[in-house]
Structure formats: C-alpha cells, structure tokens
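For reference, the structure is listed below as structure tokens.
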There are 4 protein chains.
Amino acid sequence: MIIVLKPSTPPEQIQLFTDKLCSDYDVKVNRWDGIHSTVLGLIGDTHTVDIEYIDAQDIVESVKRVQEPYKKANRKFHPDNTAIKITEDIVIGDGSLHIIAGPCSVESEKQIVEIARSVKNSGATLLRGGAFKPRTSPYAFQGLKSEGLDLLKIARKETGLPIVSEIMRTEHIDMFENVDIIQVGARNMQNFDLLRELGRVDKPVLLKRGLSATIEEWLMSAEYIMAGGNDNVILCERGIRTYENYTRNTLDISAIPIVKKLSHLPVVVDPSHASGKSWLVEPLAMAAVAAGADGLIIEVHNDPPHALSDGAQSLTPAQFDKVAKRILGLKESMK
Amino acid sequence: MIIVLKPSTPPEQIQLFTDKLCSDYDVKVNRWDGIHSTVLGLIGDTHTVDIEYIDAQDIVESVKRVQEPYKKANRKFHPDNTAIKITEDIVIGDGSLHIIAGPCSVESEKQIVEIARSVKNSGATLLRGGAFKPRTSPYAFQGLKSEGLDLLKIARKETGLPIVSEIMRTEHIDMFENVDIIQVGARNMQNFDLLRELGRVDKPVLLKRGLSATIEEWLMSAEYIMAGGNDNVILCERGIRTYENYTRNTLDISAIPIVKKLSHLPVVVDPSHASGKSWLVEPLAMAAVAAGADGLIIEVHNDPPHALSDGAQSLTPAQFDKVAKRILGLKESMK
Amino acid sequence: MIIVLKPSTPPEQIQLFTDKLCSDYDVKVNRWDGIHSTVLGLIGDTHTVDIEYIDAQDIVESVKRVQEPYKKANRKFHPDNTAIKITEDIVIGDGSLHIIAGPCSVESEKQIVEIARSVKNSGATLLRGGAFKPRTSPYAFQGLKSEGLDLLKIARKETGLPIVSEIMRTEHIDMFENVDIIQVGARNMQNFDLLRELGRVDKPVLLKRGLSATIEEWLMSAEYIMAGGNDNVILCERGIRTYENYTRNTLDISAIPIVKKLSHLPVVVDPSHASGKSWLVEPLAMAAVAAGADGLIIEVHNDPPHALSDGAQSLTPAQFDKVAKRILGLKESMK
Amino acid sequence: MIIVLKPSTPPEQIQLFTDKLCSDYDVKVNRWDGIHSTVLGLIGDTHTVDIEYIDAQDIVESVKRVQEPYKKANRKFHPDNTAIKITEDIVIGDGSLHIIAGPCSVESEKQIVEIARSVKNSGATLLRGGAFKPRTSPYAFQGLKSEGLDLLKIARKETGLPIVSEIMRTEHIDMFENVDIIQVGARNMQNFDLLRELGRVDKPVLLKRGLSATIEEWLMSAEYIMAGGNDNVILCERGIRTYENYTRNTLDISAIPIVKKLSHLPVVVDPSHASGKSWLVEPLAMAAVAAGADGLIIEVHNDPPHALSDGAQSLTPAQFDKVAKRILGLKESMK
C-alpha cells in the first residue's frame, strides 16, 4: 500500500502516523521524502488494512493499494485453478465446458421435467430453475417457493441432472440443503449477511455479479463466502448496467479473462440475462466460450410467450438444441 | 400501455392475443392498423400487467408503458404530499427541513452521546448511527450490532433526538422495534424479502436509492413496502454509480425534483455518501436544499481520522456546526 | 411514431396538432382515444420527423419511435450485407475475416516497414498506422502528420498491404486521397462537419464508435456519411465507457450481432483500445470472431515499451503471430 | 508519480529504466525496495511525463500520478480565481452571477431580437444563440450558419448584450471574430485540432464538458486551449451520460465545487441541456447557484413548441422571468 501525504506535513505527525500503522496492523512502513511530498509504503499483510481509515487521515493526500484486498479468492496465493466437483462426472473449472439450462421460473412438474429431459438431450449437464424469484414489481409472479424446489428435485430424479436454484434470504438455507448449487442473484451480491451464512455451508455457490459491481467488489463478495470456510464459489458474469439500453444489460466479456487472471475460481456466463433478448443468446454464448468461460447458464422454456417470467430472453428447446450444438462444437474445435 | 406488433402479423394471431390480454387482466384493448404495423393500446389498470410477458410474445415488436408501474407511491393517485410524523414536533415532508446527523458507526456510549449533544446544538433534529454495517470487505469492522442499538437509545434518552439506524436482515426486525426510523441501505434496495417484511411494520422506513437504480426501480422498491401496508416511506438519494471516479458516487441532484413530481413521498439527501469527501458535504447539502429536499442525512464524527468506518466523508462537530448554519440559513431565505 | 398526449387535452388542440403534422411532414396521422389519454400514430416516412419538436409540444406526454431514425444504414431498406471492396482480393463484409494490424503511431520508415512485413507474414491483410494522433494531453506526441502518411505509403509499396489511417479535420481530406481506408476516431464520431465532408469522398471510411455513443447514435453518424453519397462505411466497435475501470473501456461484444441485425454495414472490432492491455487482446479478439465480426484491428509494435503512444496495449510481432494464428484458426473452424 | 514494479524485477533492469527516465524527462527518481516489490518515485516536472509510456514497460505493475497532468489550468500553480472580462461591466468569475440566456438556434431577426430584449429585462447579462448546430440526425435543422451570426450581432446592437455562439470547425474561426464568447460544444470537447486553434485566439472560450468526460479530461481540454496562449477559458457543466434515462443527461452538481478546488477557471452550468426538460430548469439552476456556480446558461424561446431545435428544454420568456428572479434572489441571499 502506497500512501502519499499532503505537502508540508510536519515530521512529528508523520512519525505518529507511522507508529500507529505499525501497532495497528502487521506491517512495516517505509518512508521516502520527495521535494513536495512524503510517500509511505506499507509492507506485510496489507489486505486487512482498512483503506477508508487511511484515507480519512488529515495528513493523507491519496492512497493506492499494491496488493489486492482479497486473499482467499486471489490467484497470487492459489496459483492453480479451483475445480468444483458437483458429481463424479461434473466438475466445473477443470477445463471442460458445462451448460446449465432451464426455465427462469419453475412453473409445474410437467414443465420442469419436460424441459429437463429436453436440455439434457441437447447437451446440458445441469438444470436451472427459479423457485424464489426477485421481481422488480411486488405485483409480479414471485415463484412457487418451496414447492418449486420440490419440483426441481423431481426433475433431477427423472434426468440425473444436478440442480441450481436461487436463494433470497438467510432463513431459507436449510431448505436448500438438497440443492446442488445455490445461486446468489445479482441484487443480493452485496447482501453481506447472506454471503456470510453461505460461508458456513458445505455446498457450491454460484455468485452472480451485481448490476454495477466492479470486478474487485465481486471478488470481495466471493471472499466473504470463502472467509467463512466455503471455498466452492463459482463466479457468474451476467451483464452490467451501462448507458446503452438496447440490451437489458451489457455483457462484460472482458470479465472472463480478467477474473481468470486475478482469481483461481471458475467463471460461467449468463447470456440470457446479459442481453434480455433470445436472439442474442447464441452470439454471446459463442463469444463467452471463445473468451475462456468454464460454463454457460441459459434460459430455456417450452413456451416462452407464456413463461411467468423473463420469457423474452428464453430459448425454446429447439432453439436451445441448435445453440448447444454450436457452443459444444466451438469448444471441441478449441481443444 | 402501447404495444407495437411486428409487421405482417396475421389477423388471427392479433385476435388471439387481444382476447388473452382481456381475460388475463382488467383491461380493454384498442387496436389501430397502420400500413406496416398494428398497434394495440391497453386501457384500464395496467400497473399489474407484466411488461416482460408482453415483450416475450413472438408477435410483439416493442412495448411502452403510458402509466407508471407503481400505484401507491404515485402522485397521480395521491396528489398531496405525504408528511411523516416522527414525533409531535418532527414531521418529514411537511415543507420543513430536517437534518439527520451522526456517525457512520456507533462506537461507544461516550462517542454517540457526545456527538448527539453536539449535533443537536447545531440544529440537527434526528440522530443517525450504524449498528449493523454493510462493508465491502469481510475483514473490516462490521458494527457493534445489538449493543450499538442500545447505545443509540441511550443517546436518544440523553438528547431527545429520534434515532435512525440501518437494518440488514429480516430476522432483525424485532430488534428495531424501538428505533424511530429504520434505514434500508443502497445495497439492500432490491432485497425484496426485506422490503416485503418492512411492509408489515408500522414504522417509518428510510429507503436509500441503490447504487445503480433508476428512479423507477427505486419507486418500485417503495411500492414493495407500501403494498404491504406501510405507507411511511422516506426516499433517500445518496449518489449513483457513474464513470466519473473523482467522487465515490455522483449525486443525482435532479432526482429531488423528479421524485417530487412522480411521487408524493418525502425525499432526503445524503451528501456524505454521495461524495465520499468531507469538503464536498457543504456545497452538495446547499444544492440539495435549493433543489427542494425535505431533509439531509450527514455523517458527523468527533474524530474522523479514528472513525471505524467512512472517516473520509465525516465532518467534525465544528465543521458540522458551520455547515448546519449555512443550510438552515438558506432554507430560511427560501421561504 | 406513437405520440401519447397529456390527459384531458382539448379536442381542438389535438386537431390543430394533427393538421400541422400532416402539413409539415409526409405522414398520415391516426388517432385513438383512450379513457385517460389520446394516442396518435404517424404513418409514412417518419425518419425525417424531428422527435424533439414533437416532444416540445405542451400537449405531448411522451413519444416513441416505431421506425428507426436512420434509413440508408438500415437493414430494413437494404436487406443484403454491404461488402466493401478495398482491393481485388480484400473485401470487408463478404463473410471473410480481415485483420488490420500495425502500430498506434507511425514513427519511422524502418519501424513501419518492418512491422508491415511482419504482420503480413502473420496473416494481416491491411496495415494501420496513426499519422495524426488525438491525444488527451497537449504535451504528448501528436504524430508525424503528413510525413507519417508518406511512410505508410512506402510500407504499402513494400508489402502490398492497403493502409488505414485516422483523419482529424476537414482540411486534411485532400491529404488522405491516397489512403485506402480513412479512419474517424471515437472522439470525432459526432464531429458532424467532418462526417458530412467524408460523405462527399469516394473512399471507405472506418467509423469508430464514440466513447459513450449508443448504437443508434453510431448508426446516425454512419447515416451522415451515407446521406452525402458515400456508402462505404465500416463500423468499428472499440469499447465503451462504463463504471468499471479495470480496463480502459468495456468491449460491448453485443454490439456486433446488434449492428448486424439493424444494419447491413460491416463491423470490425478493436480489442486493443477496448481493453488497453496487451494480454487481453487475444481473448477479446477470439470473442469478437465467435460473435460474428467481419474483421479486427489490432495494435502491433516492434518495441512496445518504447512506442510513442499506446504501448501498453500493443502486441509484439511474435505475440501477434500467435494471436493471429488462433484467430484465423477459429474463423476456419466456424465455417 | 509513483511507479510500482513487478515482483522480482532484476536490479539491472530497474537501473536501466531509472537512467532512461532521468535522461528523457526533467525528473529525479527515488527508489524504495519492499519485500515483494520495488517502488519508484519521480520528482520534478512530471506533468509532461507520458503515463502510457510508463505503463507499457514490461517491468511496471502499475503507475499512479501524484501531480495532476495539467498545469496552466491547475489551481496549485495559480491560486487566485481567474476572472474573465467580457465587457467593462461583465466579468465572469469575480464572485458575481451571470445568466446567459437565449434560444437554442437563431431562427430570424424578429425572434432573436425579441428574446434578447425579454431576457435582458428579466436579468440576463449575455445572449446565447446557435448559428451552427450539431445535430444527431443529418436530416434535422443544422442552423442558419453565418446569417445566424449576423442576426445575433443585430440583437447585440439592439440590447447591448454580449453574444455567445458555438463553433464547429477550425475554418470558421475568422467568422467568429466579432462574437464575444466562442462556445465549444460537448461533442467537440476532444476535437483537439479545434482546441489548439482556439488557443491562438484572443477571445473567451466557453468549453462544455463532454458527454462522458471525466473532470480531469475536461481540464486537459482547457489545458490545450491555454497551452496555445489563450487563458480565457470558462468551463461549462452540462450533464453527463449515465444509466439513468429519465433525464437526457445527469447534471453532475459535484463538478462545480470540484472544478473550483482543482482549477482557478470559472464554471457555469447549463441546466437546460443537463435535463432536457423545461420544468427541471428552475430546481437545477437553484442547486447550481447554491453549489457555487459563476453563471448559468439557459435556453429561452418565445415559442418552444415551434422551436427548430431543443424546444422541450426551453423556457418561455414568462417562465424565464420567474426563474431568473428566484435565481438572482438566491444569489443575493447568499452574500
């Protein structure tokens, strides 16, 4: 951490501040006097140093981290890729490509079982389906809740596909015990109490990037889960909010290689939410695979116009079949 | 709601769609045939119509709301300003200006009582203080929790100032029974489960705008609380995320008159979080009052460099005294 | 164009407004009366209708385009892809993939000829090089100017590669007569006088997307050039400005399929400027090809640390060789 | 300037790099060796150092400026406010408040003279009017051009109000000789050739902030003009592009105090373009004055619905009269 002090700070104050840093944190402080300003360099385990505390000092002009503020999620401390085993055959982050597919919301047994069978035939290896739905409007369909989870389990039994579903509050953690991957939605990426509780669970968590989260904030949210002892975090890029409103969000394709460089965690991409338009799913999915994603999460509905949520971005099973073939073909050709 | 259909949609499909709209919702459908395209107009109570459902139809080119999707928060249906009574003397939204002041985090009895006395002397009418703190890093100070709430109550007893504090999870609602205004932070603006539970409480809620929430989404979150039966919502503009990174956030000053036009709810402004820099608090607070805000929420700490959170944006009591005088003078001159 | 009028607008005013629309523009107006509001629909050639004029009417609540405001750049009126012939062998937009490579700035004959030879060997089919450089600082290197153009022509003579270079003002158009593709930079995307003059030239124009331009604004800038009679416009996505500052810009990968749907013009991608980091060029270039780009424009410098501009995002010839092989291999596998 | 080197950079390379920095620039280099990394500090006149060049070095991990990259526009080197004399009585930046008012476009002699008389009566001290109009669509009204400038001069003769008008290309500079303040529009804020030419002119320049320009980029554009010898630059905040689309742009109210701190140049605010809605002009203008603006630039049209451009954001003379009274009253009360 590099701290630039304000011009003409009295030497005694610099000494006091330096002493305080050494006693509060496990760091050493190097000092370098320029003509106009003095610069301090902190050496040691600076990821616990509170940058806001430093910045609040009267004598501080600006402060810059050299080391990232996350440690468990940081590739520097864990050079090897983390591969997360969902079943014997399904490992996310081991170099293979996994497609998680299914409807935005679980609506009925028939619906979820049919879609599960269909996407499995097309090459999907995991089933997604929302039971608890975060909706902007209190008047919109909010999901089948615990019944939705039960129906997902039926579909898993019928097809063997592991299931992924979104959690919305800490009190529901027990209810998700039998779900294979617990999803944290974009709007809850900084629901820190929820993250902390998920750190105590022994189950993979799919952590969606917040609507306007920086990559660093996203990795800090992963750090929350990992700090609690749960290392099984899968990151999910799902588009960010920008000024461009032709699409619902703007897929940040650069996030894939950046996360791969900064962290050892696997990263999957959600082209359905990123665009909000079904005809954009294929080109965005292709781009994600070409850029190095470990997986995709794609919305598929047997009857998009009658879907109870997010129909505009859902593919029909036939469309998904075509997209999956192109995606898997691309992955094959890149080996 | 205006629905533009795709060119050359067959008349039978238009009829089927029209029938379905009339049976699903309490609306009438008008139809108007152009040369290239057909336009449908929905009349009636369209705020419950799911715009995503409409947009997902194969035959739909685009859809546009004429009516806002919120109703209880909408000035069209409630022309008069909502004034929220906190105590006999303190009413937010009645044309007066209230300053909510206090530290980011409650740290000790001495700290909170001293600050409370000081800000009261300077003209503040409510006391803020964080007991549960949402922090980006799991390694940063997370607040004194229930002990912090107890200390706030001591400060209220000493000074008579009503207290405002942030809630982070539904399980804590009981703990906040004795708090005068419950704050929902920016990161929880779309924690819909929390909003829904707060709708069942008979207590004012200060709803901060999300980091990248549109004004419509913000009002929809107010609608969540109001839909549950709690009409006492105070909106708080606290800066939005933009590309400009000189400030922590960008204060959206336009939000004040816009919210006043679209809604009947009171709006307060947080210049401390909006800028992240203490020297910007005064000009931004002045601007907010000039633009019509009902109140301000300002961070004050007796020792900002040693504050356990957000020190860089906190004023000292002496600085606050000067700012409060200018703000209250401006308000007086605008009468 | 759909115009929603304010509630309770008097019928006479509606009539007056309707008459005015019919006399000012080549349109018919349909009217539809709802319970609360009246909606007008304009039929005919609405792309010349000034939406701001409509929006300024006292009686207008809101207005929505059904037809896009651009015509010559619009795929609806030109369903076939535009393929732009640079030489007998090099056609951009015909389904092939072209790599434009070269240094940010032309620095010397030796530099540009060496790089040209090298990138040609690696598979590039066009040579880029800046002679006039738009720099944020007046104290930074501003390019070799006309001498730079002369050096590019020498490199073309040596290698046969057509050349691409950026223009910065209308007075220079004559100087670019012998350049194969004239580039308009992101900062000049809405320099309308320059666009208009380029409409009078019979030469391909590479139009970069502005830093915060919407896709519609970008196509409107293409329309400026085309309205003057020059149909040879190549669009170039180079990243947009967002809140995320890990990268210099955020590559909007979705822009590729969207432009392909809305327009018949070819689109190329600049992964070097989009990221500002040389190690991101490969994954972003791969993603662009997978998403359907017609070409790539990549910065290559024989000695990036000593480049006079943009060194951080330049590849060495050896790095470029590796990247080009992967890109061309991917394109081959997608056939 | 602080340069963090990559871990385990060989000492010889550090020495070579250090030597090069000292020979290329007028700086001294201090070196500080940490456990993991080495940090270099540059002392001296670093505002000419090309940060991209530094960042491109293989051995560089990251680089941070301590000193701003602008010098002539920097308050550190010019502590006193710059006051720009337009006439004997009108000085912008001397603590007084000036209102520049007038139509978006000059349309006829009658129109501009009438508006000029009216706004003068209401308290405006300068007249604005567009002769050359930057329009997104090539099919929209582009201004009366040189005739528009002639009409502005007639209005000045009739009222005594100095005139402000926008320039769009370098070739027109002679035509603007008799204009009192030359405006550079947001879309040309980084038209560096235009800025450079305006540096050779002895006339005040009103420099609008670009749609997505950072404050630093904006000050660098002022530096371009000042580097040429023209110190008479007035900055104009006119809203920035964000994700919020209720308003045309988002007024960055914080920019006023920030520019005042970083620079000695005067700053005026354009609430008309910032919002795009006439009913928002008053509250935003009030906020700007409260935050410390030196002036306002407001669109006034005698017949907004028939204005040839930007009617939706124009006030009528009667509305302007009311707004001007409130603004001037607020300024008076703040003395």
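The values are calculated or read from the model by the stated rules, or taken from the named source; none is laboratory data. Everything numeric here is computed off the predicted structure, so don't read it as measured data. Heads up, the Cβs are rebuilt from the backbone with ideal geometry, glycines too, and the neighbour counts pull from every protein chain shown.
With respect to the conditions (1) closer than 23 Å to C:LEU194 by Cβ; (2) over 18 Å from the mean Cα position of the chain (by Cα); (3) part of a loop (DSSP other than H, G, I, E, B), C:PRO134 lacks only one, and its number is (2). Counting only residues that are out of contact with any Leu (no Cβ under 6 Å at 6 or more places or on another chain), farther than 22 Å from B:THR46 by Cβ and buried (at least 20 other Cβ atoms within 10 Å of the Cβ), region A:131-153 holds 7 of them. Pairs linking a residue in region D:65-79 that is polar (S, T, N, Q) to a residue that is modelled with pLDDT under 95 and surrounded by 17 or more Cβ atoms within 10 Å (Cβ to Cβ), with Cβ atoms under 8 Å and 6 or more positions apart or on different chains, are D:GLN67/D:MET1; D:GLN67/D:THR46; D:GLN67/D:HIS47; D:ASN74/D:GLU68.
In summary, strands (runs of 3 or more DSSP E) completely within region B:151-263 and bearing 3 or more residues that are out of contact with any Gly (no Cβ under 8 Å at 6 or more places or on another chain) occur at B:181-184, B:205-208, B:233-237.
Tell me, which residue of region C:28-42 that is in contact (Cβ under 8 Å) with a residue 12 or more places away in the chain and surrounded by fewer than 18 Cβ atoms within 10 Å (Cβ to Cβ) is nearest to the other protein chains (Cβ to nearest Cβ)? Before the answer, list the steps.
Filtering region C:28-42 for residues in contact (Cβ under 8 Å) with a residue 12 or more places away in the chain gives C:28-31, C:36-42.
Next, from what is left, pick out any that are surrounded by fewer than 18 Cβ atoms within 10 Å (Cβ to Cβ): C:28, C:30-31, C:36.
Working: C:LYS28: 8, C:ASN30: 5, C:ARG31: 9, C:HIS36: 8 Å.
Taking the candidates together, the pick is C:ASN30.
From the list D:ILE92, D:ILE100, pick out the single residue that is closer than 27 Å to D:ILE256 by Cβ and in contact with a Lys or Arg (Cβ under 6 Å, 6 or more places away or on another chain).
Working: D:ILE92 fails: in contact with a Lys or Arg (Cβ under 6 Å, 6 or more places away or on another chain).
On inspection, the qualifying residue turns out to be D:ILE100.
Only one of the listed residues (B:ILE234, B:ILE253, B:ILE240, B:ILE225) is buried (at least 24 other Cβ atoms within 10 Å of the Cβ), closer than 23 Å to B:LEU195 by Cα, among the β-branched types (Val, Ile, Thr) and facing another protein chain (nearest Cβ under 7 Å). That residue is B:ILE240.
Condition check ((1) under 19 Å from the mean Cα position of the chain (by Cα); (2) charged (D, E, K, R)) across all residues:
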residue	(1), (2)
B:SER122	no, no
B:THR159	no, no
B:MET168	yes, no
B:ILE181	yes, no
B:PHE192	yes, no
B:ARG200	yes, yes
B:PRO204	yes, no
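Do the conditions hold for D:ALA101, that is, is it aliphatic (A, V, I, L, M), assigned to a helix (DSSP H, G or I), at pLDDT 95 or above and in the same structural domain as D:GLY311 (by TED's automatic domain parsing)? No: the conditions fail for D:ALA101. Taking region C:277-321 as the range and being more than 8 Å from every other protein chain (Cβ to nearest Cβ), out of contact with any His (no Cβ under 8 Å at 6 or more places or on another chain) and among the hydroxyl-bearing types (Ser, Thr, Tyr) as the test, only C:SER278 passes. Only one of the numbered conditions (1) crowded, with 23+ Cβ neighbours inside 10 Å; (2) free of Cβ contacts under 8 Å to residues at least 60 places away in the same chain; (3) under 19 Å from A:ILE99 (Cβ atoms) is not met by A:TRP279, and that is (1). The number of residues in region C:65-108 that are surrounded by 14 or more Cβ atoms within 10 Å (Cβ to Cβ) and in contact with a Pro (Cβ under 8 Å, 6 or more places away or on another chain) comes to 8. Among residues of region D:117-145 that are free of Cβ contacts under 8 Å to residues at least 24 places away in the same chain, those with a beta-carbon under 7 Å from a residue that is of a type in the set (Asp, Glu) and outside any strand (DSSP E or B) at least six positions away or on a different chain give the pairs D:THR136/C:GLU217; D:PRO138/C:GLU223.
A:MET175: within 30 Å of B:GLU216 (Cβ to Cβ) and of a type outside the set (Lys, Arg), yes or no? Even if it seems obvious, please write down each step before you answer.
Values: within 30 Å of B:GLU216 (Cβ to Cβ): no; of a type outside the set (Lys, Arg): yes.
In short, no.
The residues of region B:264-276 that are in a loop (DSSP other than H, G, I, E, B) and either within 7 Å of chain D (Cβ to nearest Cβ) or among the aliphatic types (A, V, I, L, M) (or both) amount to a single one, B:LEU265.
Could you please find all residues in region A:19-62 being β-branched (Val, Ile, Thr), over 29 Å from A:LEU235 (Cα atoms) and not in a helix (DSSP H, G or I)? Matches in region A:19-62: A:VAL27, A:VAL29, A:ILE35, A:THR38, A:VAL39, A:ILE43, A:ILE59, A:VAL60.
Counting just the residues of region A:47-63 that are surrounded by fewer than 18 Cβ atoms within 10 Å (Cβ to Cβ) and either within 29 Å of the chain's Cα centre (by Cα) or facing another protein chain (nearest Cβ under 7 Å) (or both), which one comes out farthest from D:LYS6 (Cα to Cα)? Reasoning before the result, please.
As a first pass, look at region A:47-63 and keep what is surrounded by fewer than 18 Cβ atoms within 10 Å (Cβ to Cβ): A:48, A:58-59, A:61-62.
Next cut, either within 29 Å of the chain's Cα centre (by Cα) or facing another protein chain (nearest Cβ under 7 Å) (or both) only: A:48, A:58.
Values: A:THR48: 22, A:ASP58: 31 Å.
The qualifying residue farthest from D:LYS6 (Cα to Cα) is A:ASP58.
Out of C:LEU296, C:LEU284, C:LEU330, one residue alone is part of a helix (DSSP H, G or I) and either buried (at least 24 other Cβ atoms within 10 Å of the Cβ) or outside the structural domain of C:ASN232 (by TED's automatic domain parsing) (or both). It is C:LEU284.
The residue pairs whose first member lies in region A:208-237 and is closer than 21 Å to A:HIS47 by Cβ and not assigned by TED's automatic domain parsing to the domain that holds A:THR250, whose second member is of a type in the set (S, T, N, Q) and part of a loop (DSSP other than H, G, I, E, B), and whose beta carbons are closer than 9 Å, counting only pairs six or more residues apart or on different chains, do not exist in this structure. Selection of region C:207-252 for residues being at pLDDT below 95 and among the aromatic types (Phe, Trp, Tyr) yields only C:TYR246.
Given the structure, is C:ASP310 farther than 30 Å from A:LYS331 by Cβ and touching a Pro at 6+ places or on another chain (Cβ under 9 Å)? The answer is yes for C:ASP310. If only one of D:VAL119, D:VAL49 is closer than 28 Å to D:LYS20 by Cα and among the hydrophobic types (A, V, I, L, M, F, W, C), which one is it? Answer to the selection: D:VAL49. Does region C:3-25 hold any residues that are under 40 Å from the mean Cα position of the chain (by Cα), surrounded by 12 or more Cβ atoms within 10 Å (Cβ to Cβ) and either farther than 18 Å from B:GLY41 by Cβ or not charged (D, E, K, R) (or both), and which are they? Selection gives C:ILE3, C:VAL4, C:LEU5, C:PHE17, C:THR18, C:LYS20, C:LEU21, C:CYS22, C:ASP24, C:TYR25. Being in contact with a helix residue (DSSP H, G or I) (Cβ under 9 Å, 6 or more places away or on another chain), part of a helix (DSSP H, G or I), surrounded by 19 or more Cβ atoms within 10 Å (Cβ to Cβ) and more than 9 Å from every other protein chain (Cβ to nearest Cβ) is true of A:ILE115.
Suppose the filter is away from chain D (no Cβ under 13 Å) and within 20 Å of B:PRO7 (Cα to Cα); does C:ARG75 pass it? Before the answer, list the steps.
Details: away from chain D (no Cβ under 13 Å): yes; within 20 Å of B:PRO7 (Cα to Cα): yes.
Here the answer is yes, as C:ARG75 does meet what is asked.
Scanning region A:33-46 for residues that are closer than 23 Å to D:MET1 by Cβ and under 40 Å from the mean Cα position of the chain (by Cα) gives A:THR38, A:VAL39, A:LEU40, A:GLY41, A:LEU42, A:ILE43, A:THR46. Scanning region A:28-59 for residues that are modelled with pLDDT of 85 or more and touching a Leu at 6+ places or on another chain (Cβ under 6 Å) yields A:VAL29, A:ILE59.
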